[in-house]
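A short worksheet on the structure shown next.
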Amino acid sequence: MRPRSRGDWYEVVLGVALAAMVLYALGNSGVPRLLTDAEERGHSAVWVAVALLGFVLSAWTAAWSFAGPVAVTAARLHWVDWRRPDVAIRAARRRALLVSAVAGAVVAVTAGLALSAAVLPSVLPAVAVWTALQLLLLSAVELQRRDLDRTARLLPVAFGAAAVVVAAAEAWGAVAATVTACGAAAAGAAALAAGGGTGGRRDTVAELTPRWQLHRAARHRWAIVAGITLMDGDVVRIVRTRDARATRRALPAAVFRGPRPIRLAVAAFLRGLPAALTIGAVAVPVAFAAHEILGLTPALVVVVLAELVVTRVTARAAEAWLASPALPRSWGIGRNGPAAALAAPAVVVCAVVAAMVTAGLSLPVTAGLVLAALPVAVVLRRRSSRRPDTGLTVIATPMGAVSVQAVNRVVAGPDVAFVALLAAHLLSR
């Protein structure tokens, strides 16, 4: 492996400094403003902070589950540490503990700043947050060592569900919290029945972490670094899809027959509907709770982010169809019809979410139309960003030379969502 040069360390330090400034602004002004607004509307700032902490713990466990607490590449384990692999594993574990200590300290300081600015106890909660993050890392290390991958994937879902239950209890009371908890339990039972439950513990304890866990974690970390370097999140998605268990078969050729893509629309809708419905079912209660506790603007932020995630998750087939000129020629049909059929789950689910939010929050019809049209705008915007350009334009940044075309691909989608958020907010005033 190539050692880092001074220029590489400069980029790392600059990136850490920028992230620290963003977190400081969030802890010094962003979160305290939310807690103050909750108190002004008659809600407890402590329980709102607990709900926010639940989402932070969900993101923390999801990040460690994807990147892996311990990672060793196949080449290093085969060519360098083949005699003593336990030494490499212990070194990787120490690095993970060091990174977790530093990152957990940043999160704890941010939480302490937010609680202090909101005139709440800050020292003990910050220490408790740091301790909880380190315990979660140790749990992730043990789960990886025991090869309990399903349990590691269920932890983020559990923390997120707990945060939603706390938000529902603070917004509407114990009855709504009970209903939300029952819904979360039903979703967990469905995940267990579908094969997403915990794996059984082995009779004998393995001496080392399984090598496939080490190699997969190393591939995921490489994908994250490559995605940041190339400014393209599809690298992470491709690696994650390749490592995921194949549970779906390719669409049969019969769905592409006929002058109109009716069969393709039905097949794409049925396949993409579960993921879209899951995100929508979580986003709608969170949006209503945010409206009750914090006001209209946070609720619109939740709705717009949920629609953006639904579109990015379920409209990838439509984007691939539009980006590839070979697919329409291979199937002998047009481009726009199948693309619209493949994007149908995102459009339908976002339209339903927009209708529910418009009726529940008493928004104007024009604001609802803006929210309903967001998935179509995101797909078209991402299509325009991936068209081939005749030239290459480079701009100078503190991180080095960056291509304008790469920046355009990165912001394609979120920029449309931001414009839709501003338009819906202005129309709702």
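The values are calculated or read from the model by the stated rules, or taken from the named source; none is laboratory data. Quick caveat, the model's predicted, so the values are computed rather than measured. Here Cβ is always computed from backbone atoms with ideal geometry, including for glycine, and neighbour counts include all displayed protein chains. Accessible surface is based on the protein model in full, side chains and every heavy atom, while ligands, DNA and RNA are left aside. Shrake-Rupley method; radii C 1.70, N 1.55, O 1.52, S 1.80 Å.
Summary of computed values
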| quantity | calculated |
| --- | --- |
| Per residue accessible area of the stretch 7-192, 1.4 Å probe, in Å² | 54 Å² |
| With DNA, RNA and ligands ignored, accessible area of PHE66 (1.4 Å probe; Å², nearest 10) | 40 Å² |
| By accessible area with a 1.4 Å probe, ligands and nucleic acids excluded, highest first: order of HIS43, HIS291 | HIS291, HIS43 |
| Solvent-accessible surface ranking, highest first, for LEU427, LEU308, LEU135 at 1.4 angstrom | LEU135, LEU427, LEU308 |
| At R0 = 22 Å, FRET efficiency that the Cβ-Cβ distance of ALA75 and THR229 yields, to 0.05 | 0.70 |
| Net lengthening on full extension, ARG383/VAL313 (0.36 nm per residue, minus Cα-Cα) | 23.7 nm |
| Relative contact order of the stretch 262-427, pairs being alpha-carbon contacts under 8 Å that are 6 or more residues apart, as % | 26 percent |
| Difference of contour (0.36 nm per residue) and Cα-Cα distance, VAL410 to ASP243 | 57.7 nm |
| Whole-angstrom Cα spans of the stretch 262-427 along principal axes, big to small | 50, 49, 25 |
| Separation in nanometres of the label points that stand 7 Å from Cα toward Cβ, at LEU98 and ARG221 | 1.2 nm |
| Gain on full stretching of the segment that runs from VAL50 to VAL123 - 0.36 nm per residue minus C-alpha separation | 24.7 nm |
| Ranked order, GLU319, GLU39 - accessible area, probe 1.4 Å, largest first | GLU39, GLU319 |
| Charge tally in the Cβ shell below 15 Å around ALA346, where Lys, Arg are +1 and Asp, Glu are -1, ALA346 excluded | +4 |
| Accessible area per residue, Å², the stretch 331-394 with all protein chains present, probe 1.4 Å | 49 Å² |
| With DNA, RNA and ligands ignored, accessible area of TRP47 (1.4 Å probe; Å², nearest 10) | 130 Å² |
| Under the Karplus curve 6.51 cos²θ - 1.76 cosθ + 1.60, θ = phi - 60°, whole-Hz ³J(HN,Hα) for the stretch 70-76, x wherever Gly or Pro sits | 10, 9, 9, 5, 5, 5, 5 |
| Local net charge near VAL286, Cβ-Cβ under 14 Å (Lys/Arg +1, Asp/Glu -1) | -3 |
| With DNA, RNA and ligands ignored, accessible area of ASP86 (1.4 Å probe; Å², nearest 10) | 40 Å² |
